[in-house]
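Quick note: the coordinates plus some simple rules give every number you see, no bench work behind them. Just so you know, these numbers come straight off a predicted model, no measurement behind them. In this analysis, Cβ positions are derived from the backbone assuming ideal geometry, glycine residues included, and neighbour counts consider all displayed protein chains.
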Amino acid sequence: MSPEKHYRACNLCEAICGLEITHQDGKVLRIIGDKADPFSRGHICPKAVGLQEVYEDPDRLRHPLRRTATGWEEISWDTALDEVADRLRQVRARHGAHATAWYAGNPTVHNSGTQLAAPGFLKALGSRHLFSASSVDQLPHHFAAWQLFGHPLLLPVPDLDRTDYWLILGANPLVSNGSLMTAPDVGKRLQAIGDRGGKVVVIDPRRTETAAHADEHHFIRPGTDVFLLLAMTQVLFAESLVRLGRLAEFTDGLAELQAAVAAFTPERAAGITGVEAATIRRLARELAAAGRGVCYGRVGVSVQEFGGLCLWLVSVLNALTGHLDEPGGYMFATPALDLLGNPQLYERYNRFQSRVRGVPEFMGELPVACLAEEMLTPGPGQLRALVTSCGNPVLSTPNGRQLDQALESLDFMVSIDIYLNETTRHAHYILPPATGLETAHYDVSFHALAIRNTARYSEPLFAKSPAQRYDWEIFEGLRQRLEADTYDPATATPPENPEAKVDLGLRYGTYGKAGLSVAALREAPHGLDLGPLLPRLPQALRTAGQRLHLAPPLLLADLARARKALAAPSALADGQLSLVSRRELRSNNSWMHNLPRLIKGRPRCTLHLHPVDAAARHLTDGQLVRVRSRVGSIELPVELSDRMMPGVASMPHGYGHQRAGVRLAVASQQAGASINDLTDEARLDVLTGNAALSGVPVWVEPVK
Ligand SMILES: Nc1nc2c(c(=O)[nH]1)N[C@H]1C(S)=C(S)[C@@H](COP(=O)(O)OP(=O)(O)OC[C@H]3O[C@@H](n4cnc5c(=O)[nH]c(N)nc54)[C@H](O)[C@@H]3O)O[C@H]1N2
Ligand SMILES: Nc1nc2c(c(=O)[nH]1)N[C@H]1C(S)=C(S)[C@@H](COP(=O)(O)OP(=O)(O)OC[C@H]3O[C@@H](n4cnc5c(=O)[nH]c(N)nc54)[C@H](O)[C@@H]3O)O[C@H]1N2
Ligand code: SF4
Ligand SMILES: [Mo]
């Protein structure tokens, strides 16, 4: 056969770039950006080749594995699904449905098969012990959205292409390619802000790649953004800069908000944040004065002790300056497939608490920072089994070593995953789905978070082998077996293909009347542009009476913690540094380090340290150091960088592959160390349940 071209969306990160893949006889010849994709306009990043590398990776699992006394053995799908379902039933019979936990990792939302089929399986599983990567990531965004707008999935995004002022806190979109903001080619869009005379300001304890392309950058002490945001809010009131505009008609809580922030002045914020009072004041004035402006915060302000307050204040600042729900401001997408469901009041909060620490449930989930203790603490209700899907919590959640040990203590564990890695090595069974180029895909989540309204459907490029199963077939196979007392593959109904759900969602969605469906998207292989973001308030609000709540009681109450922290800042002990994470362009969380073309080059798992902090410890560039925290210690080389704020150290997350039993030939050679052997499961944003991964107090010393 001669070479052919295939068009699909890259599902490796939130930017959902269109790809043009040239292939021949089942082999990928070339991957470039799809210039005809109206959204990504030909942009891709180096990770796009990862799709080919995952497809070809000899370490990627293609058959179900069963653990035996002497090692792993390949078994058939029917045997695997039967035995896994039997084991899950046994745990349920002996210890009850809640004795089995579920952990869903990040690729869940990059994978419509899993996203749409896992809920049916979870219903059949019947456990309330549901955990996910959300509680080491964006739970504070959901919490704030629920409190302000009435639904955790009503997440506003910066309207990048029309803004003239972009204030960024704790995000590095030039490297991450954007998060909770689907915007392929952030670089060009950021450049365009400058070209039209606008301004970009970055607040980050590191002078990041994004900061290097911004007009202004300010260091901030990790975990203190809440005081900067409170002070900016205070300034807006004190200087009569509040302009609610159109929102005034349906907004509540302005007076309560004003009273609540009154004491948080820029002068008080300056001491704790390290950002000068005059700068804080000026930033508030600039945001207020911007014709089209937006304040945006992401992982850095979410994974900290005041994540919920930070994300609330980000929306508050946009609302008070007239930028919420306005072009160029903080807007809501109008997705073709809307996950919000029926318009009942959202009440999934604190319906139950975790057994050991008593932390409230939110969105049907418990904080993953509590997962290990629920396994290790004996007593009624102790977790006995675990199902993981698309996740590597041993490397991605706080105090990963503790979880590593806890997994060994389980009666049963099954992982739905494509690799034998740091987490799945503890499983009794691994069920590997077909993935990436072998699957059909619709970005259920990311079209809803995109800075333009768009829709795109991807067909599989290569057929999966007959020996493989799709993720949705695995979930449906387990669901049927758990639901039926006797399961007979001969008479069972065939599993429902998620394509039918996508199609239904599209046809009943906003653009359904105009003919949008899976069939229509198949006719548009480069994706459809459905236009710029449109104002959606108050109609989109899910609060009682469709009111916008600027001063929700749960958040106002949480300010007590901030007041306490301001009165008695938790200073670092003598010699301690504050540890934060960073991302790198050629890596993706923990799971793309086995791909030769991406991992090649000099080792990237290094500790960045300001020269002043290095000198104080007599450290030279490249030297091996030991980093210690309350929970553990790791070793890695140090890299001096004046891009770091003095007193702050940074390293990437997702490394630490040199562990017995992993089957990652390439990653094991560039193993690195895991930052989450240092992060502390006790550090939590107690309001939202999100782990406080940022600002971990650590000691750094030379390895003798
Ligand atoms: N200290 C620190 N910790 C962090 C972060 C940080 O910044 N600092 N970031 C946090 C964030 S934002 C996140 S999202 C989490 C991520 O945490 P996790 O989601 O737990 O970790 P990932 O590394 O994304 O693991 C993805 C897993 O999915 C598997 N996988 C890949 N594709 C597929 C597929 O198609 N199907 C299936 N079934 N499996 C697949 C991979 O093999 C891998 O095991 O980490 C968090 N942890
Ligand atoms: N190349 C690549 N792309 C990715 C990923 C990846 O691993 N690699 N992961 C994907 C995932 S799962 C996600 S969630 C997104 C995340 O996307 P982003 O939110 O853009 O994440 P980061 O690049 O980690 O940027 C977070 C920034 O916060 C800063 N920071 C840390 N602590 C604080 C603090 O207390 N205050 C402030 N103001 N800043 C702080 C860090 O220095 C860092 O620069 O990226 C996604 N895209
Ligand atoms: S930016 Fe994200 S979506 Fe685009 S090519 Fe890179 S990994 Fe894929
Ligand atoms: Mo994430």
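Things to note:
- Additional length obtainable on full extension of the chain from Ala524 to Glu701, 0.36 nm per residue less Cα span: 58.0 nm
- Rounded, prolate or oblate (a/c below 1.5 giving rounded, otherwise prolate when a/b exceeds b/c) for the chain by Cα gyration tensor: rounded
- For the chain, the relative contact order comes to 20 percent (Cα pairs under 8 Å, sequence separation of at least 6).
- Cα gyration tensor shape of the range 521-633, rounded if a/c is under 1.5, else prolate or oblate by comparing a/b with b/c: oblate
- The range 186-209-the range 555-574 distance, computed between alpha-carbon centres (Å): 31 Å
- Placing +1 on the Cβ of every Lys and Arg and -1 on the Cβ of every Asp and Glu, with no other charges, gives the chain a dipole of roughly 700 debye about its Cα centre.
- Backbone N under 20 Å from the Arg628 label point (7 Å along Cα→Cβ), restricted to the range 648-687: 648-651, 673-683
- Cα-Cα over 28 Å, subset of Lys464/Lys501; Lys27/Lys47; Lys47/Lys188; Lys47/Lys123; Lys5/Lys188: Lys47/Lys123
- Helices meeting the span-like rule in the chain (full DSSP H runs, Cα extent of at least 30 Å along the helix axis, mean Kyte-Doolittle score of -0.5 or higher) are absent.
- Packing-based order for 525-534, 288-297, using average beta carbon neighbours within 10 Å, highest first: 288-297, 525-534
- Long-range Cα-Cα pairs in the range 4-56 (distance over 15 Å), rounded percent: 38 percent
- Mean-position separation - Cα centroids, the range 52-120 and the range 293-358, in angstrom: 32 Å
- Oblate is the label for the range 367-418. Its Cα gyration tensor axes, ordered a ≥ b ≥ c, give a/c of at least 1.5 and b/c at or above a/b.
- Evaluated with a Cβ-only charge set (Lys, Arg +1; Asp, Glu -1), the range 4-56 carries a dipole of roughly 140 debye about its Cα centre, given to the nearest 20.
- Geometric extent, Cα atoms of the range 568-702 - Rg, Dmax (angstrom): 15.2, 49
- Report summary: the helix-based calculation at 222 nm, which adds -39500 (n - 2.57) for every DSSP H run with n ≥ 4 and divides by the residues of the chain, gives -8000 deg cm²/dmol.
- Here the dipole of the range 214-324 is about 160 debye; that uses its Cα centre as origin and unit charges on the Cβ of Lys and Arg (positive) and Asp and Glu (negative).
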